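Asks: Sending over a structure as structure tokens; questions will come in a sec.
Read-outs throughout are calculated quantities, based only on the coordinates presented, and are distinct from any laboratory measurement. Quick caveat, the model's predicted, so the values are computed rather than measured. Virtual Cβ from ideal backbone geometry, glycine too; neighbours counted across all protein chains shown.
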Amino acid sequence: MSTALSKYYKLFGLPETATQAEIKRAYRQLAMQYHPDKNGGDDRLFLEIKEAYEYLTGRKTVASQQHTHTYSPTRSTSQARQQSNEERIKQAQQRKKDTAYKEHIENERYFQKLTSGSRWRILKLASKIGAVIFLVLIIDVFLPKRYTPKRIVAYDKQNIGGLDSDSGVKKVFFDAGETYYIENFYSIYSTDPDVILVQSAIFHNEIGFIPMYGHGSKTYRIQYSIGAHAYLLSPLFLFPLFIVLFKRKTYTFTLFYFLSLFISTPLILLFLFSGNRWLHLITLGYF
């Protein structure tokens, strides 16, 4: 067995009695593992694997002299082979650079598409409106509350969720045609159907109800209302502002970009146009 062929069998991890099928299977596994276009690839080792495969499958033959002389490649043949290997390595490296450059250009184009055009203008506008809403919500916490008399005219006996009891959240109807979901509703209604609606000063966000007989009584909170839960939702109002201020070519930026565009922006619009909050904001709660 030629010394060169023994070296190739050793590279493939096979005995010299290996079949052609075993040689092909070993070649495929090693080629996939060390291909230059893969992460962790090895240009030189890949070329050695390819060369070994060509010799072991008979595509190339190891030259030998007759009688007892062993094969000894000439200097020119060795140099030509080395130059050929170096050229293949350079070509593989260039392909890798070209692929990386192409991906870079595509990422640049995608980022430019995200941060320009109509969608970006919408986000910039939403960032300003969202920041104003967030600031006014904070101010609204410290301003005196609004108190409006209301009268209960009807209510659903069954709680939200299907349980029929005095506690829980019930749907309640008022004389002005308004509907609210109130927790522990029966504690108010059993005393007097006349109640007082508690709202914030500027946005008129619904906080809850108290019995008519005293403002110092317990507040029965309103549920399932965007105004009642505005403070929990307020961080979402700031998402567009963070996206506009902190542009980054990252997957995180892309994720929050679409969250801001398709969740925060519609939520800002819903908040402003439900309950005429846009009018309350412009008039600072006067209307």
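Asks: Taking the Cβ of F203 as the centre, find all other residues whose Cβ is under 9 Å away and add up their charges (Lys, Arg: +1; Asp, Glu: -1). Numbers along the way, then the final one.
Replies: Values: positive: R277; negative: D140.
Around F203, the charge tally is 0.
Asks: Excluding G275 itself, calculate the net charge of residues whose Cβ lies under 11 Å from the Cβ of G275, where each Lys or Arg counts +1 and each Asp or Glu counts -1.
Replies: Details: positive: R277; negative: E178, E206.
For residues surrounding G275, the net value is -1.
Asks: Still on this structure, I have one more. Suppose R0 equals 41 Å; then what is the FRET efficiency for Y110 and T179 from their Cβ-Cβ distance, rounded to the nearest 0.05?
Replies: On the way: r = 46 Å, r/R0 = 1.12.
Calculated value: 0.35.
Asks: Which value in nm describes the separation of the simple spin-label points at R119 and M32, placed 7 Å from the Cα toward the beta carbon?
Replies: Label at R119, label at M32, 3.6 nm between them.
Asks: Take the cross-link list K7/K60; K38/K60; K60/K97; K50/K102 and give me the ones stretching past 25 Å between alpha-carbons. Don't jump to the answer; show the numbers that get you there.
Replies: Values: K7/K60 15 Å; K38/K60 27 Å; K60/K97 31 Å; K50/K102 27 Å.
Cα-Cα > 25 Å for K38/K60; K60/K97; K50/K102; rest within.
Asks: Next question, about the same structure. Counting only residues 5 or more places away or on other chains, whose amide H sits under 5 Å from the amide H of A201 once H atoms are built in the peptide plane?
Replies: R146
Asks: Can I ask one more? Measure off 7 Å from each Cα along the Cα-to-Cβ vector at D194 and E16, then give the distance between these two points in nanometres to one decimal.
Replies: Placing both labels 7 Å beyond Cα along the Cβ direction yields 11.1 nm.
Asks: Around A228, with a cut-off of 9 angstrom between Cβ atoms, what is the net charge of the other residues, counting Lys and Arg +1 and Asp and Glu -1? Provide the component values of the computation, followed by the final result.
Replies: Numbers: positive: R221; negative: E206.
Once all neighbours under 9 Å are counted, the net charge is 0.
Asks: Looking only at region 143-162, which residues have a backbone nitrogen under 13 Å from a spot 7 Å from the Cα of T219 in the C-beta direction?
Replies: Backbone N within reach: 143-148.
Asks: Could you derive backbone 3J(HN,Hα) for region 112-125 from the dihedral phi with the Karplus parameters 6.51, -1.76 and 1.60 (θ = phi - 60°), listing whole Hz in sequence and x where the residue is Gly or Pro?
Replies: My calculation for region 112-125 gives 5, 5, 5, 9, 8, x, 5, 4, 5, 5, 4, 5, 5, 5 Hz in order.
Asks: When the Karplus curve 6.51 cos²θ - 1.76 cosθ + 1.60 is applied with θ = phi - 60°, which whole-Hz ³J(HN,Hα) does each residue of region 249-256 get, with x for Gly and Pro?
Replies: For region 249-256, the Karplus curve yields 8, 10, 5, 5, 4, 4, 4, 6 Hz.
Asks: Once both labels are modelled 7 Å past Cα along the beta-carbon direction, what's the L5-L238 spacing in nm?
Replies: 7.5
Asks: Please arrange F273, F209 by counting, for each residue, the other beta carbons lying within 10 Å of its beta carbon, fewest first. Mind showing how you got there, number by number?
Replies: Working: F273 11, F209 26.
Taking fewest neighbouring Cβ atoms as first place, the list is F273, F209.
Asks: For E54 and D98, what does the FRET efficiency come to when R0 = 35 Å and r is the distance between their Cβ atoms, rounded to the nearest 0.05? Don't skip to the end; give the middle numbers.
Replies: Numbers: r = 26 Å, r/R0 = 0.75.
That gives a FRET efficiency of 0.85.
Asks: If each residue's Cβ is checked for other Cβ atoms within 10 Å, how do S234, S200 rank with the fewest at the top?
Replies: Working: S234 16, S200 23.
Listed from fewest to most nearby Cβ atoms, that is S234, S200.
Asks: Tell me, what ³J(HN,Hα) does each residue in region 135-140 have, in order and in whole Hz, if you take phi through Karplus 6.51 cos²θ - 1.76 cosθ + 1.60 with θ = phi - 60° and put x for Gly and Pro?
Replies: Karplus-based 3J(HN,Hα) across region 135-140 equals 5, 5, 4, 5, 4, 4 Hz.
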